[in-house]
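Reviewing the structure listed below.
The values are calculated or read from the model by the stated rules, or taken from the named source; none is laboratory data. Quantities reported herein were computed from a predicted structural model and do not represent experimental measurements. A quick note on method: Cβ atoms are made from the backbone with ideal geometry, for glycine too, and the neighbour counts reach across all protein chains shown. Accessible surface is based on the protein model in full, side chains and every heavy atom, while ligands, DNA and RNA are left aside. Shrake-Rupley method; radii C 1.70, N 1.55, O 1.52, S 1.80 Å.
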Amino acid sequence: MSAVGGTLGPASAGASNDAVDLLLKSRGYNGLYSQIELSFSAADLRDRDVLSKSDPMLVVYTKARDGAVVEVCRTEVVLNSLNPAWITKYTITYQFEIVQTFLFQVFDVDTQFHNVDVKILKLDEQQFLGEATCILSEIVTKSNRSLTLDLVHREEFIPSTHPQYRGKLTVHAEECINSKTTTEMTLRCSDLEYKDLFSRNDPFLVISKLVESGAPIPVCKTEVLKNEVKPIWKPVFLNIQQVGSKDSPLLIECFNFNTNGKHDLIGKVQKSLADLEKLHSSEQGEHMFLPTAIGHNYQSKVLKSQLFVDNFSESIQYTFLDYLAGGFELNFMVAIDYTASNGNPRLPDSLHYLDPSGRPNAYQRAILEVGEVLQFYDTDKRFPGWGFGARPIDGPVSHCFNLNGSSNYCEVEGIQGIMTAYTSALHNVSLAGPTLFGPVISNAALIAGQSLASRAQKYFVLLIITDGVVTDLQETKDALVKASDLPLSILIVGVGGADFKEMEILDADKGERLESSTGRVASRDIVQFVPLKDLHGGEVSVIQELLAELPTQFLTYMRTREIRPST
C-alpha cells in the first residue's frame, strides 16, 4: 500500500489544559489531563472503484453536547486498499470530567484528486463509504485501548431502522509518554517574614507555569503549614507535561494563608525544573523576591527568605489511564435528599417538581451530568441508589432507603434506571427530615470495604445531592474519616438557595483535613462539594468542577497504598 496527500506529523487538538488552583480561583478546577494519540485502521471497506480497490481517507470530527460537529483531522489517502492502516495520528487532550464524542467518516477519494492536499478536498466530491461514532472514554477503558466500530451509512439516507454494514473501523489510543514523567520535590523555606501581627505565618506554596503572555497559570500547591517560619512541606509531584518541559520557567510563590481567601504574598522565586534540580545538587538556597512599588514602577526587592530543594527525583508514574487499561473500574452510587425542605413535589416551586415539559429539575440534572461521565467506567452499569430524609409508606423516617423500593437490594440498571427510581420514590415516600449524611456514607463505605476485602479492582464514587445543610455534621465527619482509608470518593451537590458554607468544611480543598470525634485525621481528601447554583454565567460547568478532582483522588489512594495496575 502507498499513501498520498498526507503528513506524518500528528494533528493537534490544541494546547493542553492546566489545573487551576482552587484556593486562588473560586471557579477553577483541578483536572486530570493526558495527551492521547489516536491511530486508525479499517477492515472490509466497500469497494467503490471499478478497475481497482477504494482509495480511503478518514475524517475525524468532535461532537459537542448540543450536537455541533467540528472537523479536527484528515488522514492521508491510502491507495487501492479495503483494509487501510492510516499513518496520520490525531492527538487530543483527554479530560476525565467531560464526555468527549467523536464522529468518524470514511471517504473514497477519486483518482483525479490524488495530487491535491487532503486539507482542501471537497468531501461532497468524494464517495462516502461509512461512518461511526464513539466516546473517548470507551476507548481508554479497553484493556488494549483499542475499540472496533461498525461503519454504517448516514442514517438520513437509510429509510430502514437497520443501518447498512459498511466494514469496520478500529481506533487505538496511546498515552503520550510525557504524561507519565513526574518530578517529586521536597521544598522548604527559611527566614520567612512575618505577615500576621499576633501569630506566626501559615505558609503554603503555589507553583505556576508562565505562558507567553507572562501570566502565571497555577499547576500545583502545597498544604498549609500552621505557625511556621521554617516550613518543610510534604513532597509535591509535578507532571512534566503540565509545565511544558524541564526548561520551562516556573513561578514559585509563598503565601500566608488567610481564611477569607485573601492570602498574603510573602515572596516568590522564578526557576525552571532544571534550575531546581541544580539547587538540590548544590544544596544552596535561592533568595526570594517581592515586587515593591517605587513611584509608578515596581522593582523586585530581594528578601532574606530563601527557598531550598531538599529532594528532587524523576520517575515514570502509573497514570489514571494505566489503571483503567489494567482493569480498574469506577463504580457509581447515588444518594438523594427527600427532606421536606425541598418543598411539595406537586408544586412548581419545589426542587423535586417534575416539569411536564420534560425539563429536568436540579436533582435530575445532577444525576444525568455526573452519570453520563461515570457510566463508561463501570462495566455492568448497575448502580446502587438510596434516598434519605423521608418516610416510606407505613414506616418511620429513614435516612437510607433503597430508591428502587426493594428491601433486599439497592441497585438499578443504568442511568435511566436511577432516573426512574428517583421519580418513583417521589410518589411512594413522604418528605420529612432531618438531613443526615452519616447512614448513606456508611452504606457506601460498607460496599467499598467489602470490595477491598475481595481484592476487586474497583473504586467507588458516591454522589450525594442535597438541598440543605447537614445536621449530623460530627457523625458525617466521623464517617468520612473512616471512609478515607477505602477506595471511595464522595461528590456532594448542593441544590436550591440554602447557605452551604458549613458544607465546605467537608471539602478539604478549602482548609484543613477532617478530624473525627476521637481526634483521628482523615488519611486523604475524599470529598468534593459544589453548589449547583454557582453555575449561572460560568463558562466551566459546575459538574465538571465536581468531577475534575476524581482522578487525583483515585491516584492518591492507589499510590499511597502502592497498588499497581495489572499489565
Next on the checklist: If I compute solvent accessible area with a 1.4 Å probe over the protein chains, what percent of it on the chain is carbon and sulfur?
Outcome noted: 50
Checklist entry - Once the whole set of protein chains is in place, how much accessible area is left on residue 154, using a 1.4 Å probe, in Å² to the nearest 10? => result 50
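Once the cut-off is 39 Å, how many percent of the Cα-Cα pairs in the chain end up in the long-distance tail?
Working: 62016 of 160461 pairs.
Result: 39 percent of Cα pairs exceed 39 Å.
Using only alpha carbon pairs under 8 Å that are at least six residues apart, calculate the relative contact order of the chain and give it in whole percent. Provide the component values of the computation, followed by the final result.
Values: 1278 pairs, mean separation 65.0, N = 567.
RCO, the chain: 11 percent.
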Next on the checklist: Based on alpha-carbon centroids, what's the gap between region 125-157 and region 409-461 in Å, whole number please?
Outcome noted: 34
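Of the peptides 382-395, 408-421, how do they stack up when ordered by the mean number of other Cβ atoms within 10 Å, highest first? Could the numbers behind the result be given before it?
Numbers: 382-395: 19.9, 408-421: 17.1.
Listed from highest to lowest mean packing, they are 382-395, 408-421.
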Item to check | Extension gain, residue 191 back to residue 66 (0.36 nm per residue minus Cα-Cα distance, nm) | outcome: 39.5 nm
Checklist entry - Once amide H atoms are built 1.01 Å from N in the peptide plane, which residues 5 or more positions from residue 288, or in another chain, come under 5 Å H to H? => result 303, 305, 306, 307
Checklist entry - Each residue of region 318-330 in order: what ³J(HN,Hα) in whole Hz does its phi give by Karplus 6.51 cos²θ - 1.76 cosθ + 1.60, θ = phi - 60°, with x for Gly and Pro? => result 5, 9, 4, 5, 4, 5, 5, 5, x, x, 6, 10, 9
Checklist outcome for this item: With label points set 7 Å from each Cα along the Cα-to-Cβ direction at residue 234 and residue 408, the distance between them in nm comes to 4.4
Item to check | Furthest towards positive pole of dipole, 348, 85, 231, structure part the chain, Cβ charges | outcome: 231
Item to check | Loop GluC sites (Glu not before Pro), region 476-522, which have at most 12 other Cβ atoms in a 10 Å radius of their Cβ (DSSP) | outcome: 512
Item to check | Contour excess over end-to-end distance, with Cα ends at residue 111 and residue 284 and 0.36 nm allotted per residue | outcome: 55.6 nm
Item to check | Rounded to whole Hz, the Karplus (6.51, -1.76, 1.60) HN-Hα couplings of region 560-567, x for glycine and proline | outcome: 5, 9, 6, 8, 9, x, 5, 10
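Skip the ligands, DNA and RNA, and give the accessible area per residue of region 34-75 with a 1.4 Å probe, whole Å².
Working: 2000 Å² over 42 residues.
That works out to 48 Å² per residue.
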